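Asks: Following this message is one structure expressed as structure tokens.
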Amino acid sequence: MAARVQEADFDVGAELAALRQGDARIGAIASFVGVVRDINDGASVSGISEMTLEHYPGMTEKALEAIVAEAKARWEIFDALVIHRVGRLLPTEQIVLVAVTGAHRGETFAACEFVMDYLKTRAPFWKREVTPDGARWVDARETDESAAERWQARWEA
Amino acid sequence: MLKILYFASLRETLGLGAESLDLPPGVADVGGLLNLLIARGGGWAKLGAVKNLRYAVNQEMARPESPLKAGDEVAFFPPVTGG
């Protein structure tokens with residue numbers, strides 16, 4: 001399974017070890033870990049005390065699998081893994097892991113960034129923050145949309 | 001019968017996470033269903049004002065012109081904010 005949605009935390013070292021275990025073709029592993037901060041860009045609030053991640057069970061897993069499949073079609077990579085947490089999370093906690101294995105760094109870096117950019121705009125997760133002013137749903141950022149779109153432009157070029 | 005799901009801020013605004021609805025006569029696509037829901041009035045009218053409302057049919061991203069048939073699972077939600 002290339003994609004997992006879970007409440008529990010994950011161990012990056014253990015996940016990377018499992019992903020590359022016994023595969024001597026692998027020369028590069030690129031990974032990204034997203035973490036909960038206590039501030040949010042583009043807003044006057046700071047001091048986020050907790051966050052709740054909601055998702056669309058069923059569609060989320062399908063969307064993540066589709067993004068991984070697309071990354072494998074676009075770049076010469078061997079494997080990719082996405083773990084995304086849901087439920088209640090506190091600042092400094094890990095939210096998401098994307099890891100990609102390949103022969104060389106160029107393809108693995110690019111594929112890892114692509115998976116993350118597409119996840120941000122296509123996987124059905126929603127963040128709700130608790131701040132000193134109360135709870136609020138996080139607004140989508142246009143910079144996330146443009147980050148995803150540049151891969152489309154690159155693909156079509 | 002359609003299964004309709006609402007997520008995140010939309011679920012809170014409507015006070016409803018899921019409902020079942022017989023596919024109404026004359027409703028052929030997602031946009032048609034949306035118009036029917038908005039026409040319920042009250043809080044439902046807010047569906048028409050949600051910025052960048054997203055849709056999914058059978059757990060795939062969809063568009064207003066995406067066709068609907070009995071048995072489909074339709075979801076309405078705000079732009080996603082994971083990662």
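None of the figures in this text is laboratory data; all of them are computed from the coordinates on show. The structure presented is a predicted model; accordingly, all values stated were derived computationally and were not measured. Here the Cβ is made from the backbone with ideal geometry for all residues, glycine too, and neighbour counts use every protein chain on show.
Asks: Only one of (1) more than 13 Å from the chain's Cα centre (by Cα); (2) more than 14 Å from chain A (Cβ to nearest Cβ) is not met by B:K51, so which one is it?
Replies: The single condition B:K51 does not satisfy is (2).
Asks: Identify all residues within segment A:47-71 that are within 22 Å of A:A17 (Cα to Cα) and either more than 14 Å from chain B (Cβ to nearest Cβ) or acidic (D, E) (or both); write none if there are none.
Replies: Correct list: A:E65, A:V68, A:A71.
Asks: Give just the number: which of (1) surrounded by 17 or more Cβ atoms within 10 Å (Cβ to Cβ); (2) under 19 Å from A:R122 (Cα atoms) does B:K51 not satisfy?
Replies: (1)
Asks: I'd like to check something: does segment A:116-125 contain any residue that is part of a loop (DSSP other than H, G, I, E, B), in contact with a His (Cβ under 8 Å, 6 or more places away or on another chain) and either more than 10 Å from chain B (Cβ to nearest Cβ) or within 23 Å of A:A66 (Cα to Cα) (or both)?
Replies: Taking every residue of segment A:116-125 in turn, at least one turns out to be part of a loop (DSSP other than H, G, I, E, B), in contact with a His (Cβ under 8 Å, 6 or more places away or on another chain) and either more than 10 Å from chain B (Cβ to nearest Cβ) or within 23 Å of A:A66 (Cα to Cα) (or both).
Asks: Another question about this same structure. Among the strands (runs of 3 or more DSSP E) contained in chain B, which hold 2 or more residues that are without any contact (Cβ under 8 Å) to a residue 40 or more places away in the chain and under 30 Å from A:T143 (Cα atoms)?
Replies: B:54-57, B:60-62
Asks: For segment A:72-82, give me the residue count where each residue is surrounded by fewer than 22 Cβ atoms within 10 Å (Cβ to Cβ) and either within 12 Å of chain B (Cβ to nearest Cβ) or assigned to a helix (DSSP H, G or I) (or both).
Replies: Residues meeting the conditions: 3.
Asks: Take the residues in segment A:129-151 that are outside any loop (DSSP other than H, G, I, E, B) and in contact with a strand residue (DSSP E or B) (Cβ under 7 Å, 6 or more places away or on another chain); name whichever of them is farthest from the other protein chains (Cβ to nearest Cβ).
Replies: A:V130
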